[in-house]
Structures are given as C-alpha cells and as structure tokens.
1. Given the rule -39500 (n - 2.57) for each run of at least 4 DSSP H residues, summed and divided by the residues of the chain, what is its mean residue ellipticity at 222 nm, to the nearest 500 deg cm²/dmol?
2. Please report the equivalent ellipsoid semi-axes of region 212-355, computed as sqrt(5 x eigenvalue) of the Cα gyration tensor, largest first, in whole Å.
3. Report the extension gain between residue 325 and residue 170 in nm, rounded to one decimal, defined as 0.36 nm multiplied by the number of residues separating them, less their alpha carbon distance.
4. Counting only DSSP beta bridges with both residues in the chain, what percent are antiparallel, rounded to the nearest 5?
5. Working from the pairwise distances between different alpha carbons, so that the mean of 1/r is found and then inverted, what is the chain's Kirkwood radius in Å?
6. Pulled fully out, how much extra length does the chain show between residue 71 and residue 112, if you take 0.36 nm times their separation in residues and subtract their Cα-Cα distance?
7. Please report Rg over Rh for region 68-225, where both radii come from the alpha carbon positions and Rh follows the Kirkwood definition.
8. Ranked highest first by average number of other Cβ atoms within 10 Å, how do 340-348, 116-124, 212-220 line up?
C-alpha cells in the first residue's frame with residue numbers, strides 16, 4: 001500500500017472548550033499556532049482575478065451571454081478555479097436569513113452547541129477547530145455541518161436540526177432546507193455552464209451525475225483573534241469535493257495561492273464564490289484547477305461563511321465525459337467513488353494541496369492489492 005506522509009493525527013485528547021475562551025483576551029493556545037514567523041505570509045496586497053459572472057441572461061438561454069459567461073469560467077478554471085456569480089437566482093432575503101440563523105447558532109451556550117457534536121468518523125455535526133480529529137495546527141473556527149439531499153421522503157436539513165429538541169433550531173432547519181434547495185438548483189446550472197466551457201455540452205453529463213447528489217452544508221464561524229498572524233481560520237488546502245458555492249459576509253478573509261503568492265477574494269455585493277474541487281478536477285480530466293486556498297482571521301471582527309459542498313452520491317463511479325477523454329487522448333485519473341475519496345480524507349489524510357494526487361496513489365494501490373489478493 002502507498003505510505004501516506006500526512007496522516008490523520010490520532011491524538012484527540014484536546015479539551016474542546018479550550019477554543020471558546022480565547023476570543024477576547026490572552027495569547028492563543030499552542031495547538032492553534034501554524035507558524036511563529038509567518039507575519040510576511042499574512043500580508044496580502046493583491047486581489048485574485050476571480051471574474052464576476054452575470055448569470056441573468058444565461059438563465060434566459062441568450063447564446064451570446066452564455067458564450068461570454070462560459071469563456072469567463074473557462075479562463076478562471078484553467079488557471080486557479082475561482083469565479084463569482086451574480087444574478088444567480090438565490091433570494092437575497094433567504095441568504096440574509098441563513099446568515100442570521102447561522103450567527104444565532106454560534107451564539108448559543110457551548111452546552112447547547114455540543115448537543116450537535118460531530119461523532120467520530122462522521123462529516124456532520126458541530127465541531128470546534130477539528131479538535132476531535134487533530135492535536136496541532138488547529139483552525140481558528142467553529143463549524144456546523146449537515147447533509148442535504150432530495151432522495152427519499154424526508155427533508156435532510158430539517159431532520160438534522162430536529163434531531164435535538166429545540167424550538168429555535170427547528171425553525172433553523174426549515175431555513176436551511178430552503179437555502180440548500182436553492183443551492184442545489186444553482187449547482188446544476190453551474191454544471192451546465194461548466195459543460196459548455198469544456199465544450200462537452202449537449203449531453204448533460206454532469207447535470208445527470210449530480211441530480212441525486214448528497215451534498216454537505218457547512219456554516220463556519222471565525223471569532224476575533226488577538227494574534228491573527230500566528231494562526232489560520234482554515235489552513236491551506238484544496239476542497240476534495242466537486243464544486244463549492246460560498247457565501248461570505250462583508251468581513252472577508254478568503255485567500256487563494258496563485259502565481260506563487262497569496263491573493264485575496266474580497267466579498268462582492270450579492271455575489272457567491274464558486275470554486276473547483278479535487279473531484280471536479282478529476283471529472284474534467286485534469287483540465288480545471290482545484291487551487292490551494294485558506295481563510296485568514298482578524299483581531300477586530302468575527303466572520304461568518306456558508307459553504308455548500310456539492311458531492312455526488314457516494315456509490316457512483318466518477319470519470320470524465322468520454323468526449324473529453326477522446327479530445328485529450330487519454331485519462332489523467334482512475335475511476336473512483338466519492339465514498340472512497342471521503343473515507344480517505346476522513347481517515348488517512350488531512351486535506352492539503354496534494355490530496356488528489358495522494359488519493360490517486362492510494363486508490364491505485366488499493367485496487368492493485370485487491371487484484372493480487
């Protein structure tokens with residue numbers, strides 16, 4: 001089997017309450033320090049060229065507008081995989097309520113939040129700084145994650161919040177069910193635009209692949225930090241998922257590593273940030289980039305973001321469209337299932353810029369072992 005150089009840390013003894021007492025005073029705990037001399041790396045001046053793509057006329061099937069939007073998407077995805085969308089069809093009042101209810105959750109007493117504590121091996125639930133998984137280089141954040149899908153009679157987001165009896169959070173579940181439904185609808189349109197940009201449209205390959213997707217919704221809360229130059233809200237990583245649809249508040253903090261430097265992605269009014277994940281890099285046969293990014297914290301104001309991670313159903317075999325493979329003259333990555341990739345990131349590897357490459361080695365080694373056994 002492939003030897004993984006970046007395994008999950010098995011030391012899970014850190015007190016999860018440690019994080020919650022550090023927002024207003026004192027030095028940050030050692031577990032949250034990423035580097036003691038990274039002041040220069042935390043000084044970001046340049047802004048990433050993440051184009052603002054207007055979807056209004058694309059939704060109306062205007063050919064000229066669609067081609068323009070597809071060209072903007074293609075240019076950004078070939079280089080760094082980040083772009084923003086406006087006139088995306090998501091009701092601004094719904095986004096505002098999702099923001100409001102997210103903040104309300106993180107203001108709850110820790111005893112209430114811990115009722116939703118993420119269980120070992122699960123991707124859903126409340127977690128403080130991934131303290132249940134790692135013992136060092138912890139991100140300066142709290143997070144609440146839950147699944148969203150339209151498979152079966154139950155409403156996944158509502159069921160998640162109803163799992164703990166709380167009248168306030170039952171209403172939260174209804175808000176996020178509507179929010180996720182809108183995000184899923186937008187995601188399918190983004191896949192349509194990606195197909196056009198890759199010149200494999202007409203087959204609805206990606207749309208059909210993700211119509212029954214089981215996605216992950218994550219609310220992220222980044223408290224103020226007295227020593228923001230020593231830590232990260234989220235450390236440098238690439239998303240292992242397919243695409244991410246991100247709402248970020250006005251505070252900012254998202255940065256992308258491109259042209260050998262960190263560049264910011266400032267919030268744009270009413271825009272949602274879209275970025276390519278490792279899975280779509282594989283589904284585009286390596287054409288589109290899943291780029292290294294991170295989140296910075298600050299000493300003056302907390303930040304909230306809402307990330308909708310679009311994931312295929314776990315048991316589906318993932319591979320690029322045959323038309324794309326034929327144009328490229330071969331395959332860049334082997335077939336795999338999302339449940340295998342998710343297992344790898346949860347049990348064998350802490351996501352970074354090499355996750356897809358390390359997973360590829362792991363899955364090839366695993367398949368070889370199965371053949372030989």
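Values in this text are rule-based calculations from the coordinates and carry no lab data. Small disclaimer: the values here were computed from a predicted structure and weren't measured. Here the Cβ is made from the backbone with ideal geometry for all residues, glycine too, and neighbour counts use every protein chain on show.
1. That calculation yields -10000 deg cm²/dmol at 222 nm.
2. Values: eigenvalues 179, 51, 43 Å².
Values for region 212-355, descending: 30, 16, 15 Å.
3. Details: separation 155, 0.36 × 155 = 55.80 nm, distance 4.64 nm.
Here the segment from residue 325 to residue 170 would lengthen by 51.2 nm.
4. Values: 43 of 48 bridges.
Counting DSSP beta bridges with both partners in the chain, the antiparallel share is about 90 percent.
5. Details: mean 1/r = 0.0469 Å⁻¹.
That comes to 21.3 Å for the chain.
6. On the way: separation 41, 0.36 × 41 = 14.76 nm, distance 4.72 nm.
Full extension from residue 71 to residue 112 adds 10.0 nm.
7. Values: Rg = 17.8 Å, Rh = 17.6 Å.
With Rh from the inverse mean 1/r over Cα pairs, Rg/Rh is 1.01.
8. 212-220, 340-348, 116-124
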